[in-house]
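The values are calculated or read from the model by the stated rules, or taken from the named source; none is laboratory data. Computed from a predicted model, the values in this text were never measured in an experiment. Glycine gets a Cβ as well: all are built from the backbone with ideal geometry, and neighbour counts include every protein chain shown. To get the accessible areas, we keep the full protein, side chains included, count just its heavy atoms, and leave off ligands, DNA and RNA. Shrake-Rupley method; radii C 1.70, N 1.55, O 1.52, S 1.80 Å.
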Amino acid sequence: MSQAKLRVLLVSDMGHIGGTEIATLIAATELNPLVESVTVFGKTGPLFDTINKLGIQQINADCHTKNPLKLLNYVYQLVKTVNDQQIDVIHAQMARPLLFIWLAKKFFKNKQVKIFWTSRGLDHETYQKVVPFFVKMGVRGLGNCKLEQQKLIRYGYPEAQTSYIYNAYRLTPTSKPMKSLDKSRFVIGTLSALREGRSVELFLDFAKYCLTYHPERQFEFVIGGDGPHRGVLEKIAGDLGIEQQVKFAGNVSDVAAFMDGVDVFVSPLVVDGDSGAGLSNSIVEAMIMKVPVCAFRAAGIEEIVINGSTGHLIEPRDIAAMAEAVCRTIDDKTATESYVNNAYDLIIRECDPKKYAQKLLKLYKEL
């Protein structure tokens, strides 16, 4: 494919490794050969060396500071970058930078710069505040799933000014068949940032339920990920008397290896109202590694966890039903293998990184 005559600026946080930062890295990696230039605009963080090795420039900039002089410098750096590099498209990977992009826009030499924003889930009050402002700015809104696009439209986005695009997977799809379930001991795992609002405490309730009501099952439970809520979760595990049966694996740098050690992946995420972050990256990663998935219905998860087709989708907070779904996953091996293969095919079709970049490029040109 010939290069598009576009210079793209990806604006993100980049100060840590999270779903947004990984999505930014994938976008930069896959867009780089398709456009004249890609530049990343965000804090120097743990992905800086990876981006640099790709031959992609990253400009150190922080819009999360409360220091007014640093925020002023952020706007200055934006103006300088857009003008010096003759940027055609600014793609904000989160909502926060858009206020500063609006301030900087007045000083752009190119008055035709297109501004895009990927919406990954906000709370109700924030949608009400920011959507009318972003629409007035002329920002094109991209939901990270169909549900997220529908929310943007409901809060005031013109349909012609919005679309959706699923996050691309970051792992190399496995070429192996599903791991055998012909054994007696099973590892039930989840992977999440350990912060408030991620519902990981429901995974602990689920583990307690399984250990109490299915004592004949030889289950081990593992929680991958780290964050400020870890201490609270470890205390909950202790209070429930399951601290010996639940392993906190900490930060997971090798997601493929983590998934390879899990027999059934459980997503405990529950979302109330319009909050939530679209699809779960960890579910996508489980599916691409052919790990069976059981998930609560939340945000856009039901777009990939299709009950009875790609996994088990459980009504929110129904711990007993989640335990039953996990047991069925282990016992009905034929159905589980079918679900796993269907899920794998779905993710390859919808979340392939190269197709993701090509769709982004089409949206940059046509939306």
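Candidates 246, 200: the one that is open to solvent by less than 20 Å² (accessible area, probe 1.4 Å), in contact with a Leu (Cβ under 7 Å, 6 or more places away or on another chain), closer than 30 Å to residue 148 by Cβ and not hydroxyl-bearing (Ser, Thr, Tyr) is 200. Of 75, 82, all but one fail to be touching a residue at least 60 places away in the same chain (Cβ under 8 Å) and either among the acidic types (Asp, Glu) or in a helix (DSSP H, G or I) (or both); the exception is 82. Taking region 90-168 and the helices (runs of 4 or more DSSP H) fully enclosed by it, the elements with 2 or more residues that are within 22 Å of residue 9 (Cα to Cα) and at pLDDT 95 or above are at 97-105, 124-137.
Is there any pair linking a residue in region 111-122 that is surrounded by 19 or more Cβ atoms within 10 Å (Cβ to Cβ) to one that is among the charged types (D, E, K, R) and at pLDDT 95 or above, with Cβ under 6 Å and at least six apart or on different chains, and which? That search, which allows pairs on different chains as well, returns 116/140. Could you pull out the residue among 49, 62 that is over 18 Å from residue 104 (Cβ atoms) and either free of Cβ contacts under 8 Å to residues at least 60 places away in the same chain or of a type in the set (Val, Ile, Thr) (or both)? Checking each option against the conditions leaves just 49.
Just one of the listed residues (251, 342) is open to solvent by 30 Å² or more (accessible area, probe 1.4 Å), under 23 Å from residue 225 (Cβ atoms) and either modelled with pLDDT under 95 or touching a Ser or Thr at 6+ places or on another chain (Cβ under 6 Å) (or both), namely 251.
Give the residues of region 321-335 that are open to solvent by 20 Å² or more (accessible area, probe 1.4 Å) and either closer than 21 Å to residue 197 by Cα or part of a loop (DSSP other than H, G, I, E, B) (or both), sorted by residue number. Across region 321-335, the qualifying residue is only 332.
A quick yes/no check of all residues on (1) farther than 12 Å from residue 15 by Cβ; (2) open to solvent by 70 Å² or more (accessible area, probe 1.4 Å):
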residue	(1), (2)
34	yes, no
50	yes, no
61	no, no
70	yes, yes
76	yes, yes
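With the condition kept exactly as written, say whether any residue in region 200-211 is touching a strand residue (DSSP E or B) at 6+ places or on another chain (Cβ under 8 Å), assigned to a helix (DSSP H, G or I) and closer than 30 Å to residue 361 by Cβ. No, there is no match, as no residue in region 200-211 is touching a strand residue (DSSP E or B) at 6+ places or on another chain (Cβ under 8 Å), assigned to a helix (DSSP H, G or I) and closer than 30 Å to residue 361 by Cβ. One residue alone among 275, 192, 280, 199 is free of Cβ contacts under 8 Å to residues at least 40 places away in the same chain and either of a type in the set (S, T, N, Q) or within 30 Å of residue 348 (Cβ to Cβ) (or both), and that residue is 280. Within region 160-177, the set of residues being under 15 Å from residue 355 (Cα atoms) and over 20 Å from the mean Cα position of the chain (by Cα) is empty.
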